[in-house]
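Below: the structure, in structure tokens.
The values are calculated or read from the model by the stated rules, or taken from the named source; none is laboratory data. Keep in mind the model is a prediction, meaning the values are calculated, not measured. All Cβ positions, glycine included, derive from the backbone under ideal geometry; neighbour counts span all protein chains shown. When the accessible area is computed, the model is the full protein with side chains, heavy atoms only, and any ligands, DNA or RNA have been set aside. Shrake-Rupley method; radii C 1.70, N 1.55, O 1.52, S 1.80 Å.
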Amino acid sequence: MLKHRILLVDDHEIFRNGVKQLVNKEEDLEVVAEASNGEEAIPLVASHHIDVVIMDISMPKKSGLEAAELLLAESKETRILFLSLYDREDYIVKAVKVGACGYILKDESNKTFLKAIRKVAAGKFYFSGDTSDIIVKSIREDKFSSSSSSIKTQNTISLSKRESQILNHLMEGLDNKEISEMHSVSIRTIETHRLNILRKLSVKTIEQAIEKAKKLGIV
């Protein structure tokens, strides 16, 4: 069986090792090259005949978005799947605009992750639930207008499904460890979601976030 050749780009070696072990167990997938940032990734695509680039967004030297734009300018056949901790609207919209074929969050299940790789490798598109909602919302607000060179400011506050779940757990008095065990994700992932909640609600503490979310009817 011919395997889809994958380039894995992430600045955390431990994370790369875990993803590589998962992917290389599959009969139709193989990680054939790795890079720790976007700058390292660019020459590897051609030299290793890569089918799918699985890439983080936020990395040193050259971000995933910058690297994707350069890669796709050289080869429109390159398929890029972003795998990120962040469901920030500006990241997701920019990922679509530069030509990514998929965007999923790092706290998705292994099954969802492998499904996303296969979809993208087959020439299709895959965006996980929360990111799909953001894309649809952006289209409705005409954020992909060719006449606009910048992303418009979000007019309404909107938490993702996972962020709403975590905020509800925090209202129930659960701590990060308890929430991470409940959702089978790392404590770091929960901390990232907490920071996203504070940023979206423009507050400094979870207590303020809960109070504001209640007033807005978000939770």
Using the Karplus curve 6.51 cos²θ - 1.76 cosθ + 1.60 with θ = phi - 60°, work out ³J(HN,Hα) for each residue of segment 75-87 in order, rounded to whole Hz, and write x for Gly and Pro. 9, 6, 7, 5, 9, 10, 10, 7, 10, 9, 6, 9, 9
Name the residue, out of Leu83, Leu65, Leu167, whose mean-square fluctuation peaks in a Gaussian network model built on the chain with Cα pairs under 10 Å. Leu167
Cα centre as origin, Lys/Arg/Asp/Glu Cβ charges: segment 51-100 dipole, Debye: 80 debye
Each label sits 7 Å from Cα toward the beta-carbon; between Asn168 and Ser109 the label points are separated, in nm, by 1.9 nm
Per the rule of 0.36 nm per residue minus the C-alpha distance, extending Lys61 to Arg118 adds in nm 17.6 nm
Name the long-range amide H neighbours of His4: under 5 Å, sequence gap of 5 or more, or other chain; modelled H, no Pro or chain starts. Leu29, Glu30
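So what is the calculated 222 nm ellipticity per residue for the chain, using -39500 (n - 2.57) for each DSSP H run with n of 4 or more, over all residues, to the nearest 500 deg cm²/dmol?
So the helix-based figure for the chain works out to -15500 deg cm²/dmol.
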Heavy atoms of Leu174: accessible area, 1.4 Å probe, square angstrom to 10: 40 Å²
In whole Hz, what ³J(HN,Hα) sequence does segment 19-31 give by Karplus (6.51, -1.76, 1.60; θ = phi - 60°), x for Gly and Pro? 5, 4, 4, 5, 5, 6, 6, 7, 5, 9, 10, 7, 7
Hey, got the Cα dimensions of the chain along the principal axes, in Å, largest first? 54, 44, 30
Whole-Hz ³J(HN,Hα) for each residue in segment 184-195, computed from phi via Karplus 6.51 cos²θ - 1.76 cosθ + 1.60 with θ = phi - 60°, x for glycine and proline: what do you get? 6, 10, 6, 4, 4, 5, 5, 4, 5, 4, 4, 5
Can you spot the aspartates and glutamates whose alpha carbon is less than 13 Å from Lys200's alpha carbon? Ignore those fewer than 8 places along the same chain. Asp87, Glu89, Asp90, Glu163
Neighbours of Leu44 by Cβ distance under 12 Å: Lys/Arg at +1, Asp/Glu at -1, summed charge -2
What angle do you read, to the nearest 10 degrees and between 0 and 90, between the alpha-carbon axis of helix 206-216 and the longest principal axis of the chain? 80 degrees
Give the shape of segment 2-120 as rounded, prolate or oblate, defined through the alpha-carbon gyration tensor: a ≥ b ≥ c are the square roots of its eigenvalues, a/c under 1.5 means rounded, and otherwise the shape is prolate if a/b is larger than b/c and oblate if not. rounded
